[in-house]
Every structure is written in C-alpha cells, then in structure tokens.
1. Of the residues 57, 22, which single one is outside any loop (DSSP other than H, G, I, E, B) and in contact with a His (Cβ under 7 Å, 6 or more places away or on another chain)?
2. For residue 27, indicate whether it is among the aromatic types (Phe, Trp, Tyr), free of Cβ contacts under 8 Å to residues at least 24 places away in the same chain and either out of contact with any Leu (no Cβ under 9 Å at 6 or more places or on another chain) or open to solvent by 80 Å² or more (accessible area, probe 1.4 Å) (or both).
3. Which residues, counting only those in the range 5-23, are closer than 17 Å to residue 57 by Cα and in contact (Cβ under 8 Å) with a residue 12 or more places away in the chain?
4. Give the number of residues within the range 51-63 that are open to solvent by less than 60 Å² (accessible area, probe 1.4 Å) and at pLDDT below 95.
5. If the requirement is being open to solvent by 40 Å² or more (accessible area, probe 1.4 Å), among the β-branched types (Val, Ile, Thr) and either at pLDDT below 95 or under 9 Å from the mean Cα position of the chain (by Cα) (or both), which of these qualifies: 19, 48?
6. Name, by its number, the condition in (1) under 21 Å from residue 75 (Cα atoms); (2) open to solvent by 80 Å² or more (accessible area, probe 1.4 Å); (3) touching a Ser or Thr at 6+ places or on another chain (Cβ under 9 Å) that does not hold for residue 3.
7. Do we have any residue at all in the range 65-72 that's within 18 Å of residue 13 (Cβ to Cβ), open to solvent by less than 30 Å² (accessible area, probe 1.4 Å) and among the small types (Gly, Ala, Ser)?
Amino acid sequence: IMIIDLHGYTVHQAWRVFTSRVTEAYYNGHRTCKIITGYGQIQSELSTWAYNHDKVVSCKRQDPNQGAFVLKLKKRK
C-alpha cells in the first residue's frame, strides 16, 4: 500500500502530487493507495480526481477517519 499525504499543499499542488504519485504507484505494482487529505478543499476534490485518473478503479472514504481515502488501482498489465 502506498500512502500519499496531501496536507500542506494548495489544491493545484495537491492535484499534481496526487496524479504523479498514483501513476507511480500503478507502475510500481501497487493495487492500493491511501490518500490523506485532512478536512479542507482537497478532501472535496479528491473523488473527482480519482474517478478522472485512468489507473483508479474505486475511491472510498475511510471510516471513521473522514480525512482519508483508499483507492483501488487497476492491475498492471
């Protein structure tokens, strides 16, 4: 599992980090990513980013930690 912490980034910086790290996780053979967003604007954007990323299969908010998400990635061919 790859953990990606987006605390402290602006929304645009966080989007760039998210995109590159999820792609990196996919090419390194990870099937799961945990994304830590905290409780700001990034949290409300994350599911849109995930569903628009071509390597992401699903995005689920963690319970009870509402400031974190778990992504399932496609299997690498």
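The values are calculated or read from the model by the stated rules, or taken from the named source; none is laboratory data. Being a predicted model, the structure only gives us computed values, none of them experimental. Counting neighbours? That spans all protein chains shown, and the Cβs are built from the backbone with ideal geometry, glycine included. What goes into the accessible areas is simple: the full protein's heavy atoms, side chains included, and nothing from ligands, DNA or RNA. Shrake-Rupley method; radii C 1.70, N 1.55, O 1.52, S 1.80 Å.
1. Numbers: 57 fails: in contact with a His (Cβ under 7 Å, 6 or more places away or on another chain).
Exactly one of 57, 22 is outside any loop (DSSP other than H, G, I, E, B) and in contact with a His (Cβ under 7 Å, 6 or more places away or on another chain), namely 22.
2. Working: among the aromatic types (Phe, Trp, Tyr): yes; free of Cβ contacts under 8 Å to residues at least 24 places away in the same chain: no; either out of contact with any Leu (no Cβ under 9 Å at 6 or more places or on another chain) or open to solvent by 80 Å² or more (accessible area, probe 1.4 Å) (or both): yes.
In short, no.
3. Within the range 5-23, the first condition is being closer than 17 Å to residue 57 by Cα, and the residues that meet it are 18-23.
Passing the criteria: 18, 19, 21, 22, 23.
4. If we filter the range 51-63 for residues that are open to solvent by less than 60 Å² (accessible area, probe 1.4 Å), which is where we start, we get 53, 55-56, 58-59, 62.
Those left that are additionally at pLDDT below 95: 62.
Adding up the residues that qualify gives 1.
5. Numbers: 48 fails: either at pLDDT below 95 or under 9 Å from the mean Cα position of the chain (by Cα) (or both).
Of the residues listed, the single one that is open to solvent by 40 Å² or more (accessible area, probe 1.4 Å), among the β-branched types (Val, Ile, Thr) and either at pLDDT below 95 or under 9 Å from the mean Cα position of the chain (by Cα) (or both) is 19.
6. The one condition residue 3 does not meet is (3).
7. First, pick out the residues of the range 65-72 that are within 18 Å of residue 13 (Cβ to Cβ): 67, 69.
In the following step, the residues that additionally are open to solvent by less than 30 Å² (accessible area, probe 1.4 Å) were identified as 67, 69.
So of that shortlist, the ones also among the small types (Gly, Ala, Ser) come out as 67.
Yes, the range 65-72 has at least one match.
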